[in-house]
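One structure below.
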Ligand code: 13P
Ligand code: SF4
């Protein structure tokens with residue numbers, strides 16, 4: 001509930017940074033009590049434990065999108081995740097039928113730290129994608145290409161997909177999305193994560209020869225020959241996750257050499273050689289579910305962000321869980337969301353001051369929604 005205008009107060013961030021976590025936790029709990037069902041705190045699985053402890057709901061990107069799309073009572077979503085997730089929540093929570101349901105009242109989406117971006121999402125800018133589309137048009141018929149963007153991308157790219165008969169995918173529905181795309185076109189332009197695109201397409205029988213990589217910084221045709229583009233089925237954007245690219249085939253070999261019975265469980269953002277060697281590959285939601293439903297005593301080496309693997313270790317003492325890499329692979333931008341930023345954004349919200357609002361413009365939202373609704377229909 002927004003306070004009367006004379007009650008509005010603004011709190012500055014520096015004092016929060018010096019507060020201790022016990023104090024911050026108590027204050028966060030107080031705001032949650034005060035705002036009740038008007039406030040929804042969403043947390044991605046890569047968030048720190050102390051942040052997850054304050055999340056009303058946690059999930060992978062697909063589940064979090066569903067949660068934002070189905071929210072009804074809430075007026076504020078505080079997104080403990082990264083920028084593209086908050087943008088997606090803004091688009092889905094404020095789509096036309098939801099606005100009608102709420103008599104035009106918008107849901108305000110807040111990202112506690114604006115520096116929580118995604119380096120992979122930043123690897124594809126809308127100007128680069130538009131230029132690539134135009135270049136491809138010199139060689140192949142773009143009306144037969146279905147653009148597919150991984151949800152880890154700016155809203156402008158989702159909007160591009162909406163406008164061009166394309167769709168958004170997540171790591172949990174990428175295979176179904178590619179099938180959807182091939183029912184509607186001859187080829188796919190997949191951005192920004194080449195690994196998710198490649199790993200998913202290989203499982204569908206598409207070969208690496210049919211998947212040229214488009215380098216947005218190359219002089220011509222993304223660094224490809226006309227023949228390579230002409231023979232393509234999936235054109236992969238040259239982007240990657242800096243966290244998941246740290247996992248290597250030799251890490252899998254080392255674990256298998258030491259423990260022949262070990263199960264290798266990885267995220268599809270890992271490179272092909274790791275995915276090919278893994279027993280199971282899937283979204284963070286699938287990784288959690290796989291461990292949860294395994295027999296006690298199962299031995300795992302897991303290739304995904306460190307905070308999630310550590311949480312799985314703590315929550316499943318009945319299993320033996322190892323981190324797949326010998327070096328620390330953590331998402332520095334997810335890590336930016338901490339109790340200080342969360343408390344700061346929440347106390348401001350309760351005092352009637354919106355800080356760090358994420359609001360996608362109307363035109364971008366309209367077309368992004370087209371691509372996101374397609375994504376939500378494809379499981
Ligand atoms: P999921 O949680 O959807 O598997 O995605 C992982 C990720 O890297 C989010 O940025
Ligand atoms: Fe982006 Fe990788 Fe971090 Fe996910 S783990 S938010 S893809 S940088």
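FYI, it's all coordinate maths here, none of it is from the lab. Quick caveat: nothing in here was measured; it's all calculated off a predicted structure. Every residue, glycine as well, gets a Cβ built from its backbone with ideal geometry; the counts of neighbours run over all protein chains shown.
The table that follows gives values for the structure above.
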item	result
Taking 46, 150, 217, 16 and counting other C-beta atoms within 10 Å, the order from fewest to most	217, 16, 46, 150
Rg/Rh for the range 232-336, where both radii come from Cα atoms and Rh is the Kirkwood radius	0.97
Counting all C-alpha pairs of the range 81-139, share separated by more than 19 Å (%)	53 percent
Between the range 56-108 and the range 118-186, the alpha-carbon center distance in angstrom	23 Å
Kirkwood hydrodynamic radius of the range 145-300, from inverse mean 1/r over distinct Cα pairs, in Å	16.5 Å
Alpha-carbon Rg with Dmax, taken over the range 228-289, Å	14.1, 45
Of 325, 15, 143, the one that fluctuates the most in a GNM where the chain has Cα springs shorter than 10 Å	15
Rounded if a/c under 1.5, otherwise prolate or oblate - the range 127-224, Cα gyration tensor axes	rounded
Computed [θ] at 222 nm, helices only, for the chain once each DSSP H run of length n ≥ 4 contributes -39500 (n - 2.57)	-12000 deg cm²/dmol
The range 39-81: equivalent-ellipsoid semi-axes (sqrt of 5 x gyration tensor eigenvalues, Cα, Å)	17, 12, 6
Relative packing of peptides 100-111, 166-177 - highest average C-beta neighbours within 10 Å first	166-177, 100-111
Cα gyration tensor shape of the range 1-123, rounded if a/c is under 1.5, else prolate or oblate by comparing a/b with b/c	oblate
Peptides 133-139, 117-123 ordered by average Cβ neighbours within 10 Å, highest first	117-123, 133-139
Residue among 356, 152, 275 with the largest mean-square fluctuation in a Gaussian network model of the chain, springs linking Cα atoms under 10 Å	356
Gyration tensor verdict on the range 323-379 (Cα atoms; rounded if a/c is under 1.5, prolate if a/b is larger than b/c, oblate otherwise)	oblate
Inter-part distance where the range 234-273 and the range 319-379 are each reduced to a Cα centre, Å	25 Å
Whole-Å semi-axes of the range 196-266's equivalent ellipsoid (Cα gyration tensor)	31, 15, 9
Distribution of pairwise C-alpha distances over the chain, 20 Å bins, in %	28, 55, 17, 0
Cα coordinate range in the range 111-176, projected on the principal axes (Å, largest first)	43, 28, 17
